[in-house]
Amino acid sequence: MGTHDHAQDTTAAPAASVERTWMQVGVALLVGAFVASPALPETSGQAALVLTLVAGTLLAVQLQRDAPALSRGRSTVLSVAGGAGALVLLSTSFGLVAADAHPWVVVPAVVAAALVLGLARLADRP
């Protein structure tokens, strides 16, 4: 009976890891899209921006809730750091739009996505 429980644990762990990886990538992509949002025309639907923010927040909360117990404190600190970094990069995007350098908004968006993905993966390390 103990072997059967062990077999279930070993098959469940990779599935949970893959699910967390996709959630981390999803949050990173949503944060990147949010950082790129200043380049959108003002007439575009603000609902898409709000939906991106809500979806990213829900995924981040799910990642935080499912974090291993040992890394929950570290995960919180890294989440705050990722949020602060994303806000700085969002500000950079607004500056680039104000300088009429719309194509360059891609740079802070990619950096924000990479930052969030890196911090999410770091938070999951034991």
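Among the residues making up region 96-117, those that are open to solvent by 40 Å² or more (accessible area, probe 1.4 Å) and assigned to a helix (DSSP H, G or I) are Leu96, Ala98, His102, Pro103, Trp104, Val106, Val107, Val110, Val111, Ala114, Leu115, Leu117. If the condition is being farther than 18 Å from Leu30 by Cβ and either surrounded by 13 or more Cβ atoms within 10 Å (Cβ to Cβ) or not small (Gly, Ala, Ser) (or both), then region 71-90 contributes Ser71, Arg72, Arg74, Thr76, Val77.
Within region 108-119, if we keep just the residues that are in contact with a Ser or Thr (Cβ under 8 Å, 6 or more places away or on another chain) and of a type in the set (A, V, I, L, M, F, W, C), the residue that is nearest to Thr21 (Cα to Cα) turns out to be Leu119.
Within region 96-120, residues that are modelled with pLDDT of 90 or more sit with their Cβ atoms under 7 Å from residues that are open to solvent by 70 Å² or more (accessible area, probe 1.4 Å) and part of a helix (DSSP H, G or I), at 6+ positions apart or across chains, in these pairs: Leu96/Trp104; Ala113/Leu29.
The values are calculated or read from the model by the stated rules, or taken from the named source; none is laboratory data. The shown structure was predicted, so the numbers you read here are calculated from the model rather than taken from an experiment. We place every Cβ from the backbone using ideal geometry, glycine too, and count neighbours over all the protein chains shown. These accessible areas exclude ligands, DNA and RNA; they are computed on the full protein's heavy atoms, side chains included. Shrake-Rupley method; radii C 1.70, N 1.55, O 1.52, S 1.80 Å.
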